[in-house]
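Student: Before anything else, here's the structure in question.
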Amino acid sequence: MKTSSISLRVADFLKGHPPFDMISEEDLLLLAGAGRVKFHESGEIVYEEGDDRGRYAFVVQKGTVNLFRKSARGEDLIDVRVEGDLLGFLFDSPDMPYRCTVKTASDTIIYAIPQAILRELAEKYITVGDYFREYFGEGFTPRRHTASSPENARGIDERPAHWLQKSGPVNERASNRLLTYKMDEPIHMVAKRLAPGLQEAIVAVDHNFHPLGIITESDLSARVATGLTSVDAPASEITSTKLITVRPGMNAGQLILEMLHHRLHHLIVTEDGSTTSPVIGVISDRSIQMLHGSIPTFLAKEISVAEDAAALAILRDRADELLLHYIEGDAQVYWLADFISEVDGALLQRAIEISRRKLLSWGWIEPEVRWCWLAMHSEGRKERMLRSPQRTAMLYEELPEGDAGVAAENWFKQLANEVTSMLAPCGFDLDSEGRMATNHEWRGPLSVWKGRFEQWIAHPIESNILRKTPYFDARCVYGDETLLDQLRIHMQECIHQNPNFIPLLANDAMDNLPPITIFRDSVMDQSGTLWTSIDTKMHAMLPLVDIARVFALSLNLDDTTFTPIRFKRVGRHLVEQRDLFEEAAEAFSHAIRLQTRLGLRRGDDGQYVKPEDLPRIEVQRCKAIFKTVVRLMEFVSQYFNLEGKELS
């Protein structure tokens, strides 16, 4: 067979596998022509750990090869490579000896390709270089987005949700259309300034140009056009003094979250973001809408006026549609988590308002005590992007004795029942084990909650702590957060008094070992058993959640619950391992993005996915997440002096 024919066959094979599908036909033919074909019988060594790296990298054309790494137990299987998989190439460390031994598991055909040519292609095509770094990395590597890649020569980032990270257009519009007034000016003078329609709001300022209040078009319609207030009255009569100020330079995504959180449609920009510095602009949700398209601030307004569970359910469905739009557009996971948490927070607030109103109409008397509604489990961590059963709690200050205390407890019980019933039609089912505020075990005064955590921490095995750990992720979503702060302080005191608690939690966090690898359409676990699906929860997210929680509690960082932020904060404390914790944060972010995207597309919980249903590059990223989890577990074992845990 002619050499040119062989090159064409090799090129035809390569273009069906990443990263060779990312390069031009011309470069692919040059690459194929420079390579050679090698045949290995079953059981042959392709190369050994510690050997000097040769001239060639390898692509498996047919057959199966196993990768082994030396350990105290001998040789551990660390991966299995099949058709289209790569071997023996390190883009950033070309002189490093081979890190593992590669042995064929069947008769195998391998294409040997000069590493120098691969390196040239990796430098020419940024996506190819990133793929090589990720493929041969020891863990998860975040994808880089750059405007200078050949695929995006115009420098335009075309990801649909990229505008969330932009600040220029919004801030420029905010300053260009700033209108101000004095409190003692007559309303008709203020209205004339708004009349041309250049802005939807006008800001009241003092002699230092500091903000005092705001008037919007809707204020003029509701108060003046209806005749309730005279046009000659001072503007102070219709000025809203509920001001939310922001700093200059915030991007569109941050501004949207501020509007959602405060249930407002306008934000005032000041020089330092405070009310005691000069105004430099005003931003409205309408402005962001005009500049960037569909934004979710309407949800907060509609939720705030919904009258029943059916109306809330429709709005929550709309939030899922927006979530899928943003996640498909590659919006940051941090923003996505905050967005859906703000929506669910508004939903809960409205459910509580409707329920309280209902109880009052029935003659119930609301107790005058401080209280808060707690989210637990994934919602407590801001990680409930897909709707799941309610897991909630109620915490309140000590109740009065006697009949007044009984009446107060009955109020909280009935309120919990009503709120829970309103949330169920919104897609938040009742927890099958009753771990909700409707259950007296998950509702009570601060002293009772302190006693519960004290018992769990002092007697973790007897308390079945493995099922209680998600309640260490509590987050206040309504009410007086200082009660939770007091509970957290008590938790830390108990942890300090029980030094065996953290190592036991760390040991439990090692229970969900990730698979060794994924090859063809199978997932191989640590025992060598093959499974048909990747378990996004048990293989990736849960071990990362558990490990992040252990370090957060160990370092007294329990005021932070979102797993990626926990990892980043831990990395600032354990500086020598900062890269590992940054890597873990990125690995979790990718895992939850994958699970959420799958769940929203399929209408399920996104937990299980078959390898054949994922693009090959996505399978590789899952394998990289598994590597990161294993490295993290190895560090946990060393850091907390654990023994007897085999991680490979």
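The values are calculated or read from the model by the stated rules, or taken from the named source; none is laboratory data. No experiment lies behind these values; they were computed from the predicted model shown. Cβ sites come from the backbone with ideal geometry, for glycine too, and all protein chains shown count toward neighbours.
Student: What number of residues in the stretch 71-118 are in contact with a strand residue (DSSP E or B) (Cβ under 8 Å, 6 or more places away or on another chain) and either among the aromatic types (Phe, Trp, Tyr) or not in a loop (DSSP other than H, G, I, E, B) (or both)?
Tutor: Within the stretch 71-118, residues that are in contact with a strand residue (DSSP E or B) (Cβ under 8 Å, 6 or more places away or on another chain) and either among the aromatic types (Phe, Trp, Tyr) or not in a loop (DSSP other than H, G, I, E, B) (or both) number 24.
Student: Against the definition (surrounded by 16 or more Cβ atoms within 10 Å (Cβ to Cβ), under 21 Å from the mean Cα position of the chain (by Cα), modelled with pLDDT of 85 or more and under 21 Å from residue 264 (Cβ atoms)), how does residue 322 come out, yes or no?
Tutor: On the way: surrounded by 16 or more Cβ atoms within 10 Å (Cβ to Cβ): yes; under 21 Å from the mean Cα position of the chain (by Cα): yes; modelled with pLDDT of 85 or more: yes; under 21 Å from residue 264 (Cβ atoms): yes.
Answer is yes for this residue.
Residue-by-condition table, conditions (1) under 26 Å from the mean Cα position of the chain (by Cα); (2) within 15 Å of residue 210 (Cα to Cα); (3) modelled with pLDDT under 90:
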| site | (1), (2), (3) |
| --- | --- |
| 229 | no, no, no |
| 235 | no, no, no |
| 245 | no, yes, no |
| 252 | yes, no, yes |
| 259 | yes, no, yes |
| 270 | no, yes, no |
| 273 | no, yes, no |
| 279 | no, yes, no |
| 283 | no, no, yes |
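Student: Here's something else I'd like to know. Quick check on this structure: which one of 341, 304 is closer than 30 Å to residue 270 by Cα and more than 24 Å from the chain's Cα centre (by Cα)?
Tutor: 304
Student: While we're on this one: Those residues that are more than 18 Å from residue 87 (Cβ to Cβ) and over 43 Å from the mean Cα position of the chain (by Cα), I need them from the stretch 17-39; list them, please.
Tutor: Matches in the stretch 17-39: 33 only.
Student: If a residue must be of a type in the set (D, E, K, R) and modelled with pLDDT under 90, how many such residues does the stretch 455-467 contain? Spell out the reasoning first.
Tutor: Our first condition is that a residue be of a type in the set (D, E, K, R); within the stretch 455-467, this holds for 462, 467.
Next, only the ones that are modelled with pLDDT under 90 stay: 467.
Looking only at that region, the number is 1.
Student: Now for a different question. Filter the strands (runs of 3 or more DSSP E) completely within the stretch 453-532 down to those with at least 1 residues that are in contact (Cβ under 8 Å) with a residue 40 or more places away in the chain, farther than 30 Å from residue 342 by Cα and in the same structural domain as residue 634 (by TED's automatic domain parsing). Please lay out each step first, then the result.
Tutor: Working: elements: 475-479, 517-519, 522-524.
Where strands (runs of 3 or more DSSP E) fall fully within the stretch 453-532 and carry at least 1 residues being in contact (Cβ under 8 Å) with a residue 40 or more places away in the chain, farther than 30 Å from residue 342 by Cα and in the same structural domain as residue 634 (by TED's automatic domain parsing), they are 517-519, 522-524.
Student: Here's a follow-up. Got at least one residue in the stretch 23-32 being in a loop (DSSP other than H, G, I, E, B), of a type in the set (Asp, Glu) and crowded, with 17+ Cβ neighbours inside 10 Å?
Tutor: no
One line per residue, one yes/no per condition, for (1) more than 28 Å from the chain's Cα centre (by Cα); (2) surrounded by fewer than 19 Cβ atoms within 10 Å (Cβ to Cβ):
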{"residue": "410", "(1), (2)": "yes, yes"}
{"residue": "422", "(1), (2)": "no, no"}
{"residue": "466", "(1), (2)": "no, yes"}
{"residue": "472", "(1), (2)": "no, no"}
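Yes/no matrix, rows are residues, columns are (1) at pLDDT below 95; (2) surrounded by 14 or more Cβ atoms within 10 Å (Cβ to Cβ); (3) not acidic (Asp, Glu):
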{"position": "7", "(1), (2), (3)": "yes, yes, yes"}
{"position": "12", "(1), (2), (3)": "yes, no, no"}
{"position": "16", "(1), (2), (3)": "yes, no, yes"}
{"position": "36", "(1), (2), (3)": "yes, no, yes"}
{"position": "59", "(1), (2), (3)": "no, yes, yes"}
{"position": "70", "(1), (2), (3)": "yes, no, yes"}
{"position": "78", "(1), (2), (3)": "yes, yes, yes"}
{"position": "93", "(1), (2), (3)": "yes, no, yes"}
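Student: A further question follows. On the given criteria, is residue 434 without any contact (Cβ under 8 Å) to a residue 24 or more places away in the chain and either part of a loop (DSSP other than H, G, I, E, B) or of a type in the set (A, V, I, L, M) (or both)?
Tutor: yes
Student: Being in contact (Cβ under 8 Å) with a residue 24 or more places away in the chain and either closer than 25 Å to residue 332 by Cβ or of a type outside the set (A, V, I, L, M) (or both): is that true of residue 312 here?
Tutor: Values: in contact (Cβ under 8 Å) with a residue 24 or more places away in the chain: yes; either closer than 25 Å to residue 332 by Cβ or of a type outside the set (A, V, I, L, M) (or both): no.
So residue 312 does not fit the description; no.
Student: Continuing with this model, one more query. What do you reckon, is residue 12 part of a loop (DSSP other than H, G, I, E, B), of a type outside the set (Val, Ile, Thr) and out of contact with any strand residue (DSSP E or B) (no Cβ under 9 Å at 6 or more places or on another chain)?
Tutor: Numbers: part of a loop (DSSP other than H, G, I, E, B): no; of a type outside the set (Val, Ile, Thr): yes; out of contact with any strand residue (DSSP E or B) (no Cβ under 9 Å at 6 or more places or on another chain): yes.
Criteria not met by residue 12.
Student: Given the structure, is residue 605 of a type in the set (Asp, Glu), on the phi < 0 side of the Ramachandran plot and within 17 Å of the chain's Cα centre (by Cα)? Give the steps one after another, and end with the answer.
Tutor: Numbers: of a type in the set (Asp, Glu): yes; on the phi < 0 side of the Ramachandran plot: yes; within 17 Å of the chain's Cα centre (by Cα): yes.
The answer is yes for residue 605.
Student: To continue, here is another question. Take the conditions touching a Ser or Thr at 6+ places or on another chain (Cβ under 8 Å) and part of a helix (DSSP H, G or I) and apply them to residue 626. Does it pass?
Tutor: The answer is yes for residue 626.
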